[in-house]
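Asker: One structure, as structure tokens, below. Some questions next.
The values are calculated or read from the model by the stated rules, or taken from the named source; none is laboratory data. If you're wondering where the values come from, they're calculated on a predicted model, not measured in any experiment. As a convention, Cβ positions derive from the backbone with ideal geometry for all residues, glycine included, and neighbour counts pool all protein chains shown. These accessible areas exclude ligands, DNA and RNA; they are computed on the full protein's heavy atoms, side chains included. Shrake-Rupley method; radii C 1.70, N 1.55, O 1.52, S 1.80 Å.
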Amino acid sequence: MAAHSRIILLGFLASLLLAGAPPASDSGLAPLRVYSGLWHVTRKDAPAGSKPEELKNDCALLGKYFTCQQTVNGAVSGLQIFVQTDKPGHFYTQTVTPQGRATGKGDLETSGDHWVYSSYWDQGGKGVYYRTLNDFTGRDHIHFEQQESSNGKDWTTKNSGDETRAGR
């Protein structure tokens with residue numbers, strides 16, 4: 001094969017590899033891919049002897065949005081949307097229900113294996129702050145705590161539990 005033909009072939013192969021590579025903006029979204037797959041969820045407040053819930057996340061990158069359709073025990077519960085901000089590890093979040101309703105903007109702050117989801121809900125003049133703390137142990141286990149606050153400073157844990165990966 002002539003040198004010129006090899007250069008063209010290498011260029012063609014390189015373009016194929018680059019076409020399949022994730023866009024540069026995907027690098028900040030890459031940690032969110034850990035959510036993809038099937039999870040068993042065990043809640044602290046679950047009745048004794050009950051089976052874990054089954055949570056399936058079908059996730060995909062669409063342009064600058066990372067999305068996960070969540071299915072709980074076989075029923076679609078919503079589409080979670082993540083939008084990367086200019087601050088590394090910070091995302092805006094939004095969930096859209098199967099009825100097409102958006103639940104309100106939230107935030108996700110990630111710092112290694114510790115993630116904090118937060119949101120605020122105005123309930124007729126009295127606001128409530130919500131947050132969920134996720135602590136990962138590897139890629140296959142998440143311990144979570146769901147908390148509420150009336151002032152955004154003093155938190156009460158309402159529930160907690162564990163998510164264990166059951167499949168990819």
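Asker: When Lys and Arg each count +1 and Asp and Glu each count -1, what net charge do the other residues less than 14 Å away from D86, Cβ to Cβ, add up to?
Answerer: 0
Asker: Please calculate how many Å² of accessible area the stretch 32-168 carries per residue, with a 1.4 Å probe and no DNA, RNA or ligand atoms counted.
Answerer: Spelled out: the 1.4 Å probe surface of the stretch 32-168, per residue, equals 60 Å².
Asker: Right, here's the next one. Send over the Kirkwood Rh of the stretch 95-143, from the inverse of the averaged 1/r over different Cα pairs, rounded to one decimal Å.
Answerer: 12.7
Asker: While we're here: Cross-link partners among aspartates and glutamates for K51, C-alpha distance below 17 Å, same-chain residues fewer than 8 apart left out?
Answerer: List returned: D162, E163.
Asker: Please report, in whole Å, how far the alpha carbons of the stretch 37-168 spread along each principal axis, starting with the longest.
Answerer: Principal extents (largest minus smallest coordinate, Cα): 40, 39, 34 Å.
Asker: While we're on this one: Put a dot 7 Å past each Cα toward the Cβ at D107 and D86; how far apart are the dots in nm?
Answerer: Roughly 1.5 nm, to one decimal.
Asker: Among H90, H114, what's the order by accessible area (1.4 angstrom probe), most exposed first?
Answerer: So, going from the largest accessible area down, we get H114, H90.
Asker: Please arrange Y92, Y120 by accessible surface area, largest first, computed with a 1.4 Å probe and ligands excluded. If you can, show how the numbers build up before the last one.
Answerer: Working: Y92 90, Y120 115 Å².
The residues order as Y120, Y92, largest area first.
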